[in-house]
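**Q** Structure incoming, see below.
The values are calculated or read from the model by the stated rules, or taken from the named source; none is laboratory data. A quick note: this is a predicted structure, and the numbers were derived from the prediction, not measured. Cβ coordinates were reconstructed from backbone atoms using ideal geometry, including for glycine residues, and neighbour counts include every protein chain displayed. Side chains are part of the model used for accessible areas, which takes the heavy atoms of the whole protein and leaves out ligands, DNA and RNA. Shrake-Rupley method; radii C 1.70, N 1.55, O 1.52, S 1.80 Å.
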Amino acid sequence: MFIKRYGQGERVFFGLHGWSGTHRTFEPLVPFLPPDATLYAVDLPGSGRSPRLASLDQESLSRAIAEAVNGLDADAITFIGNCSGAIQGLAALPAFAARVERLVLIDPFAFTPWYFRLFVLPVFGRYAYYSTFANPLGRWIANLSLKRHRTEETDLTESFGRIDHASVYRYLELLTQIDGIDQFAWIRHPIDIVHGERTFGAVRVSIERWKRIWPQARTFELAGAGHLPILEATEQLSRIIFNP
């Protein structure tokens, strides 16, 4: 996978983007990167500058993520998972857990909401997905309908205009196949869960579910932010990530 490095510090952070994202998801954080920190951000297979895998399933994806982490020149990292990148990172965690000293999960879903599951229904789902996300008018309508969950300056569907839709659709299918979060209850690392004040109701429900399996988790609400805290509350988020 393509990996972009920012900074040269000894404290190492590894960022995994969410659905429709790339390594550039984390670029807003770079101006706030402390001198003693390094941030690695990847493009998942089929995203940005990373080629598709021959066959994208959960096992091969987890293996690719683990290889990226284990290939870093670092004994200890802070893992940052944005949105669905949080789930994908947790699924891969058993292969690199010994190298992780802390987890930061940004607006993480603990389940796939019904409105995402509609897009993977037989026949109808794929048509609905492409009509909504591969069509400029569909994206405009979707972004307008989601204005309660974003700031005026951000666009929740803008990134879908420059992606490999076949890969992104496959990622959505994989997310719907992850069977509950009890499989992650073994994790006892320090965990920070960060969400926007105006995020989706499903994220708020998810946070309560995360807290039930992780009593050690801390939660942070970012004032004024929606579902895109990296863009909408960059400075607030940076303080939590880089200066815990």
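**Q** Apply the Karplus parameterisation 6.51 cos²θ - 1.76 cosθ + 1.60, with θ equal to phi minus 60°, to every residue of region 98-110 and state each ³J(HN,Hα) to the nearest whole Hz, in sequence, with x for glycine and proline.
**A** So the J values, rounded to whole Hz, are 5, 9, 9, 9, 6, 10, 10, 10, 9, 6, x, 6, 9.
**Q** Can I ask one more? Would you mind calculating the gained length between Glu158 and Thr219 on full extension (0.36 nm times residue separation, minus the Cα-Cα distance), in nm to one decimal?
**A** Gain on extension, Glu158 to Thr219, equals 19.2 nm.
**Q** Enumerate the amide H contacts of Phe220 below 5 Å, restricted to partners 5 or more residues apart or on another chain; note that Pro and chain-start residues carry no placed amide H.
**A** Those lying under 5 Å, H to H, from Phe220 are Ile193, Val194, His195.
**Q** As a test of understanding, state the convex hull volume per residue of region 144-229 from its alpha carbons, in Å³.
**A** Values: hull volume 10.7 nm³, N = 86.
In region 144-229, the Cα convex hull volume per residue is 124 Å³.
**Q** In square nanometres, what is the average projected area of the Cα convex hull of the chain?
**A** It is 12.1 nm².
**Q** So if R0 is 25 Å, what FRET efficiency would Glu208 and Ser55 give, r being the distance between their Cβ atoms, rounded to the nearest 0.05?
**A** Numbers: r = 36 Å, r/R0 = 1.42.
Step by step, r from the Cβ atoms, then E = 0.10.
**Q** Compute the distance in nm between two label points, each set 7 Å from the Cα along the Cα-to-Cβ direction, one at Ala98 and one at Asn70.
**A** About 1.0 nm, to one decimal.
**Q** Lys and Arg at +1, Asp and Glu at -1: add these up for the other residues within a Cβ distance under 9 Å of Leu39 and post the number.
**A** +2
**Q** Let me check against my output: what whole-number percent is the relative contact order of the chain, with C-alpha pairs under 8 Å and at least 6 apart?
**A** 21
**Q** Here is a follow-up. Please give the charge dipole size of the chain, origin at the Cα centre, charges +1 on K and R Cβ atoms and -1 on D and E Cβ atoms. Round to the nearest 20 debye.
**A** Rounded to the nearest 20 debye, it is 380 debye.
**Q** Next question. Compute the accessible area per residue over the chain, keeping the other protein chains in place, probe 1.4 Å, unit Å².
**A** 46
**Q** Which one of Ala74, Val12, Leu39 is farthest out on the positive end of the charge dipole of region 1-87, using unit charges on Cβ (Lys, Arg +1; Asp, Glu -1) and the Cα centre as origin?
**A** Leu39
**Q** Follow-up question, since we're still on this one. Just how large is the dipole of region 163-242 about the Cα centre, in debye to the nearest 20, putting +1 at every Lys and Arg Cβ and -1 at every Asp and Glu Cβ? Each step should come with its number before you reach the end.
**A** Numbers: 9 positive and 10 negative charges, 57 e Å.
The dipole of region 163-242 has a size of about 280 debye.
**Q** Rounded to a whole number, what % of the accessible area of region 1-78 do carbon and sulfur atoms account for, probe 1.4 Å? All intermediate terms of the calculation are to be shown ahead of the outcome.
**A** Working: 1740 of 3640 Å².
Within region 1-78, the accessible surface is 48 percent carbon and sulfur.
**Q** Among Val203, Thr25, Ala92, whose Cα sits farthest toward the positive end of the charge dipole of the chain (+1 at Cβ of Lys/Arg, -1 at Cβ of Asp/Glu, about the Cα centre)?
**A** Projecting each Cα onto the dipole axis, the largest value belongs to Val203.
**Q** Taking the Cα centre of each part, how many Å lie between region 82-145 and region 7-35?
**A** The distance from the Cα centre of region 82-145 to that of region 7-35 comes to 19 Å.
**Q** For every other residue with a beta carbon closer than 11 angstrom to the beta carbon of Gly125, add +1 if it is Lys or Arg and -1 if Asp or Glu, then tell me the sum.
**A** In short, +1.
**Q** Let me ask another. Per q in 0.26, 0.27 Å⁻¹, report the Debye log10 I(q)/I(0) for region 117-163, using one uniform scatterer on each alpha carbon and no solvent.
**A** So the normalised log intensities are -0.94, -0.97.
**Q** Can you give the helix-only mean residue ellipticity at 222 nm for the chain, where every DSSP H stretch with n ≥ 4 adds -39500 (n - 2.57) and the sum goes over all residues, rounded to the nearest 500 deg cm²/dmol?
**A** Helix contribution divided over all residues of the chain: -10000 deg cm²/dmol.
**Q** Just the number, please: carbon plus sulfur as a percent of the accessible area of region 130-244, 1.4 Å probe, no ligands or DNA/RNA counted.
**A** Looking at region 130-244 in its full context, I get 51 percent from C and S.
**Q** Between the DSSP loop rule and a limit of at most 10 other Cβ atoms within 10 Å, which chymotrypsin sites (Phe, Trp or Tyr not before Pro) in region 153-208 are left?
**A** Trp186
**Q** State to the nearest 20 debye the size of the charge dipole of region 100-199 about its Cα centre, where the only charges are +1 on K and R beta carbons and -1 on D and E beta carbons. It would help to have the intermediate numbers written out before the result.
**A** Working: 11 positive and 12 negative charges, 58 e Å.
Computed about the Cα centre, the dipole is about 280 debye.
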